[in-house]
1. Name the single residue that is modelled with the lowest pLDDT among those in the range 144-170 being of a type in the set (Gly, Ala, Ser) and not in a loop (DSSP other than H, G, I, E, B).
2. Test each condition in (1) outside any helix (DSSP H, G or I); (2) surrounded by 11 or more Cβ atoms within 10 Å (Cβ to Cβ) for Glu173 and report the one that comes out false.
3. Search the range 78-116 for residues being of a type in the set (S, T, N, Q) and assigned to a helix (DSSP H, G or I), and hand back the single one that is farthest from Thr224 (Cα to Cα).
4. Where residues in the range 88-128 are over 18 Å from Pro232 (Cβ atoms) and of a type in the set (Ser, Thr, Tyr), which of them is farthest from the chain's Cα centre (by Cα)?
5. Quick one: in the range 117-130, which of the residues that are modelled with pLDDT under 85 and part of a helix (DSSP H, G or I) is nearest to Ala182 (Cα to Cα)?
6. Looking at the range 55-104, which of its residues are in contact (Cβ under 8 Å) with a residue 60 or more places away in the chain and either out of contact with any helix residue (DSSP H, G or I) (no Cβ under 9 Å at 6 or more places or on another chain) or polar (S, T, N, Q) (or both)?
7. Of everything in the range 106-116, what is surrounded by 14 or more Cβ atoms within 10 Å (Cβ to Cβ) and under 30 Å from Pro46 (Cα atoms)? Give them in sequence order.
Amino acid sequence: MDIISGQALLLLFCFILSCFLIFTTTRSGRISRGATALPPGPPRLPIIGNIHLVGKHPHRSFAELSKTYGPVMSLKLGSLNTVVIASPEAAREVLRTHDQILSARSPTNAVRSINHQDASLVWLPSSSARWRLLRRLSVTQLLSPQRIEATKALRMNKVKELVSFISESSDREESVDISRVAFITTLNIISNILFSVDLGSYNAKASINGVQDTVISVMDAAGTPDAANYFPFLRFLDLQE
């Protein structure tokens, strides 16, 4: 039985390997036929592509690469073809002239893990009916000139509260955590616009720490590089965890 089980596992492994090779060969053939449509870019390594060129400071790496390959270049990040825009003129062309075509964003694995891409204005495609509804509500109820003018007094009052707290702390010769008080001010402005109530207090340190820590942890999780973003077939392994 052990011999049969070993042979079965070997056959299964060979079958999976064959399927993977067929898939990658077919995919690479399709990509190579369409590669002429991509902008110029640096040579790619097998499997990882150009990930090794990104480095710890992507903006600096892209600026250096653009000196060789131009302001519009293509990089292969794992299994993903990526077009990098590295000049103000090209960025203006993308963000203004062709904004409707290029406005969609590919959700990261961290966003997909909670299905947030189906409910967020940031991640929904511009062709989505829900995206159009959320955009219309945002423009008319939050970002219109009338609404911004209507909340002017509120924003001024919250800034005055911030300045007053810093002044009082200075009189008491107490240090001020600028990051914390700026977060509280922003949070209170947003919460008053949406719910007409303050959610944070300058004098209750413990009450706001949980909210701030949650926001920071969410931003860290969404911004941390994840192998599954470059190799989607690895999502089931949850490597970021």
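1. My answer is Ala150.
2. (2)
3. Among them, the one singled out is Thr97.
4. Per the stated criteria, the residue is Thr97.
5. Gln117
6. Ser79 - this is the single residue of the range 55-104 that is in contact (Cβ under 8 Å) with a residue 60 or more places away in the chain and either out of contact with any helix residue (DSSP H, G or I) (no Cβ under 9 Å at 6 or more places or on another chain) or polar (S, T, N, Q) (or both).
7. Pro107, Thr108, Asn109, Ala110, Val111, Arg112, Ser113
The values are calculated or read from the model by the stated rules, or taken from the named source; none is laboratory data. All values reported here derive from a predicted model rather than from experimental measurement. Quick reminder, even Gly has a Cβ in these numbers, built from the backbone with ideal geometry, and neighbours come from all protein chains shown.
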